[in-house]
Amino acid sequence: MSYRNILMAAASLAALHSTSALAQADDSPLEQVVVTGTRAPSGVRTDALGGSITVIDAQAVEDRQTRVVSDLLRDVPGMAVSRSGPVGGQTQIRLRGTEANQTLVLIDGVEASDPSQGEFDFGTLIADDVARVEVLRGQQSALYGSDAIGGVIHYITLDGHDAPGVRVRVEGGSHHTAEASARVAGVAGDLDYTLSAADFTTDGTPGVRDGLRDLDAKSHTLAGKLTFAPLPNFRVRMVGRYSATSADNNPTSFTTGLPEDGEAYFASRARYLLVRPEWELLDGRWTNALTAQRNDTERRNYDAPGLVNSKTDGLREKLSYETAYRFGSDALKQQITLAGDLKRETFQNVPISGFTSQNETHTVINKGVVAQYDLDVLERLNLGGAVRYDRNTLFKNATTYRLQASYRLGGGLRLRGAAGSGIKNPTMIELFGFDPATFVGNPNLKAEKSEGWEVGGDYSLLAERVKLGLTYFDSRLDDEIFTQFDRNFNSTSLNRTSRSTQRGVELTAEVRLGKQWRLDGAYTRLRARENGVEEVRRPDDIASANLSWRDPGDHGGLNLSVRYNGQMTDVFFGPPNFDQTTVPLKAYTLVNLGGDIRLWRGVSLYGRIENAFDQKYEEVFGYPGMGRTAYVGLKAGF
């Protein structure tokens with residue numbers, strides 16, 4: 001689809017606004033509240049945002065039988081997912097053409113990226129039994145500081161009030177895959193509680209073309225959320241999460257430059273903690289929150305069982321205060337939000353054979369302050385702006401901004417737009433190195449800087465049972481950090497002197513026909529270029545469609561997922577000189593079929609087929625994706 005055709009579609013959308021007999025007679029603002037689009041403790045309605053946000057609710061997660069969260073993200077506009085082989089392989093996401101480490105990832109409010117790597121590996125995140133995802137697209141550093149260039153992904157497990165009871169699930173399937181989870185949640189007086197555990201294991205499939213070694217993967221998760229509310233205007237929320245993942249991987253052949261069968265694997269462990277007291281004053285007009293969080297992540301890489309190749313320990317501790325005051329009239333609602341962040345990150349590359357300068361413990365401290373203003377006029381016009389100032393112990397101080405506006409015209413049409421800037425600080429490994437024989441750090445790196453804007457519109461009809469969205473975005477990135485290799489595979493990080501650009505169009509559709517039928521569709525046309533050259537692992541075209549049907553008596557349901565990933569490129573260091581070259585990756589379409597049937601009250605049998613047509617594909621050059629697989633399981637809820 002060309003940009004000309006897309007712009008013609010936008011004109012057609014505007015025409016529908018004035019001519020369609022199906023359009024709503026009155027506006028009915030969408031009252032869905034999200035916590036990611038603002039620093040105000042009370043959250044913000046999605047229809048008050050000028051920027052783009054996608055919410056994947058718990059019902060969609062359940063209907064699609066999601067076990068790997070990264071697969072769910074394939075249904076988000078602008079999202080490209082790259083997994084190195086089967087489940088458990090390193091999994092990167094690239095939002096709106098940005099780099100994999102330029103999107104902030106939150107899990108129940110905790111910054112989840114590895115403090116050492118500066119990036120979150122989605123191969124380590126297996127879906128909880130009841131969860132939702134909020135994805136805020138576009139530069140958000142004015143709210144969150146470093147990392148939020150492409151946007152923010154917030155994975156949120158539901159609390160006891162929203163999903164009470166006991167839930168148990170067990171399943172098995174192809175490649176000796178087994179998964180089990182249990183969850184108990186509810187409300188007892190002033191306490192809202194959720195406790196859950198999950199275990200996932202698979203023998204996997206070969207991660208090498210014509211390989212013989214199946215790549216095993218194991219993941220274990222324990223999580224809990226507690227909210228204690230002894231007073232109507234005071235509550236304390238506590239989050240704890242422990243996850244441990246181990247998965248086989250393959251070394252690179254120094255003959256072919258491709259991955260080859262071996263004995264390598266990695267093991268990671270992450271512990272997340274969060275404590276957040278919240279209180280309201282002046283009849284709820286003044287809201288406050290104080291948050292203390294901690295992310296302790298360790299990663300071990302092995303060449304063979306018991307033979308450690310490298311270790312990293314990363315620790316992130318963050319303290320935040322947020323306060324928001326609402327004032328004005330019903331016709332003119334205003335809110336001022338102030339926030340302050342103090343973040344301390346510590347990194348150590350653990351010695352293997354002996355202590356060197358590469359093994360020293362390094363610490364970076366960042367202080368940031370945020371000022372945000374929001375205006376709502378007659379629940380039609382929404383304006384907002386935010387500015388943030390960051391001081392860092394290593395980098396130049398930074399100021400970022402965010403502006404947004406939306407206007408509800410009536411008849412179901414809402415126009416919106418946003419502009420902002422973003423930064424991404426160098427990672428610990430980029431700064432301080434990994435191994436003096438292979439990767440040398442560069443303490444003189446500058447932070448990456450991005451600036452961009454977007455315009456779009458949302459059109460709803462049939463009493464908001466049908467919603468269509470169209471967005472055009474345009475961004476540019478300066479001082480991009482890249483890895484420079486020499487002929488001996490030694491490397492270091494540098495800032496580019498050239499500029500990279502990302503622009504594209506996102507189309508979305510949501511259809512809700514009663515409680516039976518649900519259709520969600522998304523399409524993205526992307527053009528991401530670095531100094532005029534196509535960026536790797538960013539397809540020009542990405543599309544998805546999910547069709548779900550539920551029996552009116554809730555005796556069962558069916559789901560069809562179709563996900564298309566267009567042609568893209570990757571890099572390859574091949575013989576004879578092992579110079580970096582660009583190679584093509586062909587387009588592919590994955591089709592998943594799933595369904596469930598109620599056996600008796602609270603107990604259901606379910607099953608699914610993934611990659612039903614056994615599509616052969618690679619998301620990373622040399623790493624074949626998984627073929628057709630099938631799973632069956634039982635779930636019970638009381």
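Of note:
- Reported count of residues in the range 174-208, each being more than 30 Å from Gly625 (Cα to Cα), touching a residue at least 24 places away in the same chain (Cβ under 8 Å) and not in a strand (DSSP E or B), is 1.
- When Ala543 is tested against (1) modelled with pLDDT of 95 or more; (2) surrounded by fewer than 16 Cβ atoms within 10 Å (Cβ to Cβ); (3) under 31 Å from the mean Cα position of the chain (by Cα); (4) not polar (S, T, N, Q), just one condition goes unmet, and that condition is (2).
- Among the residues making up the range 84-114, those that are assigned to a loop (DSSP other than H, G, I, E, B), over 20 Å from Pro426 (Cβ atoms) and not polar (S, T, N, Q) are Gly85, Pro86, Val87, Gly88, Gly89, Arg96, Gly97, Asp108, Gly109.
- Look at the range 282-294: where a residue is on the phi > 0 side of the Ramachandran plot and touching a residue at least 24 places away in the same chain (Cβ under 8 Å) and a partner is surrounded by 13 or more Cβ atoms within 10 Å (Cβ to Cβ) and assigned to a loop (DSSP other than H, G, I, E, B), sitting 6+ places away or on another chain with Cβ atoms under 9 Å, you get Gly284/Ser42; Gly284/Asn233.
- Whichever residue in the range 115-151 is part of a strand (DSSP E or B) and either of a type in the set (Val, Ile, Thr) or touching a Leu at 6+ places or on another chain (Cβ under 6 Å) (or both) and, among such residues, is nearest to Tyr373 (Cα to Cα): Gly151
- Residues satisfying the stated conditions in the range 7-59, i.e. at pLDDT below 90 and either basic (Lys, Arg) or under 30 Å from Val387 (Cβ atoms) (or both): Pro29, Leu30, Glu31, Gln32
- Residue within the range 553-566 that is acidic (Asp, Glu), surrounded by fewer than 19 Cβ atoms within 10 Å (Cβ to Cβ) and within 25 Å of Asp216 (Cβ to Cβ) present: no
- If only residues of the range 266-293 that are in contact with a Leu (Cβ under 6 Å, 6 or more places away or on another chain) and surrounded by fewer than 20 Cβ atoms within 10 Å (Cβ to Cβ) are counted, the one that is nearest to Asp121 (Cα to Cα) is Ala292.
- Any hit, the range 148-156, residues being surrounded by fewer than 20 Cβ atoms within 10 Å (Cβ to Cβ) and under 30 Å from Val620 (Cβ atoms): no
- The one condition in (1) over 20 Å from Leu477 (Cβ atoms); (2) of a type in the set (D, E, K, R); (3) modelled with pLDDT of 95 or more that Arg527 fails to fulfil: (1)
- Extreme residue, surrounded by the fewest Cβ atoms within 10 Å (Cβ to Cβ), among residues of the range 163-185 that are among the hydrophobic types (A, V, I, L, M, F, W, C) and under 11 Å from Phe638 (Cβ atoms): Val166
- In the range 456-468, the count of residues that are under 30 Å from Gly118 (Cα atoms) and either among the small types (Gly, Ala, Ser) or in contact (Cβ under 8 Å) with a residue 40 or more places away in the chain (or both) is zero.
- Across the range 370-383, the number of residues qualifying as of a type in the set (A, V, I, L, M) and exposed (fewer than 15 other Cβ atoms within 10 Å of the Cβ) comes to 3.
- Count of residues meeting criterion [part of a strand (DSSP E or B), basic (Lys, Arg) and either farther than 14 Å from Glu99 by Cα or over 25 Å from the mean Cα position of the chain (by Cα) (or both)] in the range 462-502: 1
- Taken over the range 206-217, the criterion of being surrounded by 18 or more Cβ atoms within 10 Å (Cβ to Cβ) and closer than 19 Å to Leu125 by Cα is satisfied by Leu215, Ala217.
- Subset of the range 50-64 [buried (at least 22 other Cβ atoms within 10 Å of the Cβ) and either on the phi > 0 side of the Ramachandran plot or not polar (S, T, N, Q) (or both)]: Gly50, Gly51, Ile56, Asp63, Arg64
- Within the option set Asp47, Asp57, Asp71, being of a type in the set (D, E, K, R) and farther than 29 Å from Trp453 by Cβ holds for one residue only, Asp71.
- Test: residue in the range 614-623 that is within 30 Å of Val166 (Cα to Cα), surrounded by 15 or more Cβ atoms within 10 Å (Cβ to Cβ) and not acidic (Asp, Glu): no
- Qualifying residue in the range 52-65 (condition: out of contact with any Asp or Glu (no Cβ under 6 Å at 6 or more places or on another chain), part of a loop (DSSP other than H, G, I, E, B) and farther than 29 Å from Arg408 by Cβ): yes
The values are calculated or read from the model by the stated rules, or taken from the named source; none is laboratory data. Please read these numbers as outputs of a predicted model, since none were measured by experiment. A quick note on method: Cβ atoms are made from the backbone with ideal geometry, for glycine too, and the neighbour counts reach across all protein chains shown.
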